[in-house]
Amino acid sequence: MSVLITGIGELTTNTEVSGNALVIDGDRIAWVGQASDAPAADESVDVEGRAVLPGWVDSHTHLVFAGDRTAEFGARMAGKPYTAGGIAVTVNATRAASDEELAAVVRKHVAEALRQGTTFVETKTGYGLNVADEVRSARIAAEHADEVTFLGAHLVPPGADADSYVDLVRGEMLDAVAPLVRWADVFCEKGAFDYDQSKAVLVAAQQKGLGLRVHGNQLGEGPGVRLAVELGAASVDHCTYLSVDDVDALASSDTVATLLPACDLSTRQSLPPARALLDAGATVALASNCNPGSSYTSSMAFCVTTAVLQMRMTVEEAVWAATAGGAQALRRDDVGVIRPGARADLHVLDAPSITHLAYRPGVPLTHLVWRQGQRSI
C-alpha cells in the first residue's frame, strides 16, 4: 500500500532531501520531492499546508515499572533534594507486580507517546535489580519498545554490598539478560556506582557484544562523561553538570550528549549547558527520560520547547536533537530522518512550521502520525 502525502507547508527531513510531497510504500519512505513530480500512489493525503517532520526518537526512557512516586515529587517541590535512593521504591513495586501489569504500563506509555508524535522508543531495565526481575523486564521491554537497554547497574539494592552486586551484574545477570537487549548502561554517579564499578560493568557488556550507554553527570560533575568517551559509548545521558574538559571531550568524540531537560526541571536542578555543547561541536540529543520518579512525562514536544525557551537552542537544533540526534544516540540511520529508504515515521503538526512547537508552548500540535507506514492518528 503506497500513500502520497501532499500539501506540506514545511518539510523537515534532517537530510539534503527536500520538497513539499512524499510517498510512503509499506513501512518505508519511497520518494521525496516536489508534488508536481510525484509518482502515482494507491492513496493520497493532503495535509493542507501543515508542517511535516520525522517522528520523535525518544532515546532514553524507563518504562518497565510499577508503583507511584507522587509523594516523593511533592516532597521535592517542597524543598527536599533529589537523590538516587528513590529508585528503591520503584524496585520494590516492580518486583511485586505481575508480568501483565508491567506490560500494561509499557503499552500505556508507548501509546501515549505515539499520540504525541513519538514513533521510536528506547527503554531500559533497572527496576528489577536481581537476575529474575531484570530478565523479565528485558523480555517485556523487548515486546513493546524499539530498543532495549540493560540497566542492572541502576542502584545497589538496599542491604547489598556494592562490589558484590557489581560482580553479579557483570556476571550472572549480564549472561542472562544479554540475549534480550542491544545496549548496556550504568548509573555512574554519587550514590550509585563509581568510576571503577561502572567501568567493570561496561567492559563486561562490551565483551558480550552490547553497545554502551552511560547515565552521567546528573547530580554533579563526575567521571561519567570521561568514562563514556573512553569506552566509546554511543551516548552519555543527563550531562547536567559539565566541566570545560567534559565539553571538549564530547566535542572530540562520537559519543552523543543526550540531554533530559524534563528531568532537570522535575528535580529542580540546573538545565544542561546545551549552547556550550553545540558551540563546541558536540552532538546533542534530547530525550524524555520518562520514569515514575524524576521525569514522569512522555512529551518530547515539552522537551523541545524547554530546550528552545530555556536552554538557548534554536528550534531547528532542538527538533534535530529530538529526532536525528536521538537516532544517532542509538546508532540508527533509518529513523529520525525523512529520505528514501528510511522508516516511514512521520509527525504532522497542526501548524505551518516547526517554530510553533516553541512559539505555542504547551499547545498539543500533533495532527497526524505515521509509524512504520501505518497511520496511527
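The values are calculated or read from the model by the stated rules, or taken from the named source; none is laboratory data. What you are looking at is a predicted structure, and each value in this text was computed from that prediction instead of being measured. All Cβ positions, glycine included, derive from the backbone under ideal geometry; neighbour counts span all protein chains shown. Surface areas here come from the heavy atoms of the whole protein model, side chains and all, with no ligands, DNA or RNA. Shrake-Rupley method; radii C 1.70, N 1.55, O 1.52, S 1.80 Å.
Ranked from highest to lowest mean number of other Cβ atoms within 10 Å per residue, what is the order of the peptides 248-255, 120-127, 38-45?
On the way: 248-255: 18.1, 120-127: 28.6, 38-45: 14.0.
Descending packing order for the listed peptides: 120-127, 248-255, 38-45.
Could you count how many Lys pairs in the chain have their Cα atoms under 22 Å apart, skipping same-chain pairs fewer than 8 positions apart? Summing the qualifying lysine pairs gives 7. Counting only DSSP beta bridges with both residues in the chain, what percent are antiparallel, rounded to the nearest 5? Bridges in the chain that DSSP calls antiparallel: roughly 40 percent. Helix 131-144 and the longest principal axis of the C-alpha atoms of the chain enclose an angle of approximately 0°.
Starting from the eigenvalues of the Cα gyration tensor, five times each then square-rooted, give me the equivalent ellipsoid semi-axes of the chain, largest first, whole Å.
Working: eigenvalues 241, 94, 76 Å².
Semi-axes (√(5λ), whole Å): 35, 22, 20.
Largest first, the extents of the alpha carbon coordinates of segment 68-212 on the three principal axes equal 38, 37, 27 Å.
Put a plus charge on the Cβ of each Lys and Arg, a minus charge on the Cβ of each Asp and Glu, and nothing anywhere else: the dipole of segment 206-271 about its Cα centre is then about 280 debye. Net length available on complete extension from Glu316 to Asp46 is 94.8 nm, with 0.36 nm assigned per residue and the Cα-Cα distance removed. Name the shape class, rounded, prolate or oblate, that the alpha-carbon gyration tensor gives for segment 72-153, where a ≥ b ≥ c are the square roots of its eigenvalues, rounded holds for a/c under 1.5, and otherwise prolate holds if a/b is larger than b/c and oblate otherwise. Oblate, since a/c reaches 1.5 and b/c is not below a/b. Relative to the Cα centre, the charge distribution of segment 291-343, modelled as +1 at Lys and Arg Cβ and -1 at Asp and Glu Cβ, gives a dipole magnitude of about 100 debye. Choose one of Leu174, Gln218, Gly33: the residue whose Cα lies farthest towards the positive end of the charge dipole of the chain (beta-carbon charges +1 Lys, Arg; -1 Asp, Glu; about the Cα centre). Value computed over the given set: Gln218. DSSP assigns beta bridges within segment 21-178; of those with both partners inside it, close to 45 percent run antiparallel. Roughly how far apart, in whole Å, are the Cα centres of segment 139-175 and segment 301-377? Comparing the Cα centres of segment 139-175 and segment 301-377, I get a distance of 31 Å. Note on Asp254 and Ser270: the extension gain reaches 3.3 nm, defined as 0.36 nm multiplied by sequence separation minus the Cα-Cα distance. Between the listed residues Val47, Thr323, Thr70, the Cα displaced farthest toward the positive end of the dipole of the chain, a dipole computed from Cβ unit charges relative to the Cα centre, is found at Thr70. Set the Förster distance to 45 Å, then compute FRET efficiency between Ala96 and Asp37 from the Cβ-Cβ distance, nearest 0.05. Rounded to the nearest 0.05, the efficiency is 0.15. Report, in degrees rounded to the nearest 10, the 0 to 90 angle that the Cα long axis of helix 300-311 makes with the longest principal axis of the chain. Result, in degrees: 80.
Using a 1.4 Å probe on the protein chains only, how many percent of the accessible area of segment 16-107 belongs to carbon and sulfur?
The value for segment 16-107 is 50 percent carbon and sulfur by accessible area.
By its C-alpha gyration tensor, with a ≥ b ≥ c as the square roots of the eigenvalues, how is segment 301-377 shaped: rounded for a/c under 1.5, else prolate for a/b larger than b/c, else oblate? Write down the numbers at each step before the final one.
Details: a/c = 2.44, a/b = 1.29, b/c = 1.89.
Oblate shape, in that a/c is at least 1.5 and b/c is the bigger or equal ratio.
Contact order for segment 245-361, expressed relative to its length and based on alpha carbon pairs under 8 Å spaced 6+ residues apart, stands at 23 percent. Only helical runs count toward this figure. For the chain, summing -39,500 (n - 2.57) over DSSP H runs of n ≥ 4 and dividing by all residues gives -9500 deg cm²/dmol at 222 nm.
For the chain, what is the charge dipole size about the Cα centre, in debye to the nearest 20, if Lys and Arg each add +1 at the Cβ and Asp and Glu each add -1 at the Cβ?
Details: 29 positive and 46 negative charges, 122 e Å.
With only Lys, Arg, Asp and Glu charged at Cβ, the dipole is about 580 debye.
Taking the longest Cα principal axis of the chain as reference, the axis of helix 87-96 is set at about 80 degrees. Summarising the label geometry, the points placed 7 Å from Cα in the beta-carbon direction at Asn130 and Lys108 lie 2.5 nm from one another. For segment 142-300, averaging the sequence separation of C-alpha pairs within contact (under 8 Å, six or more residues apart) and dividing by the residue count gives a relative contact order of 15 percent.
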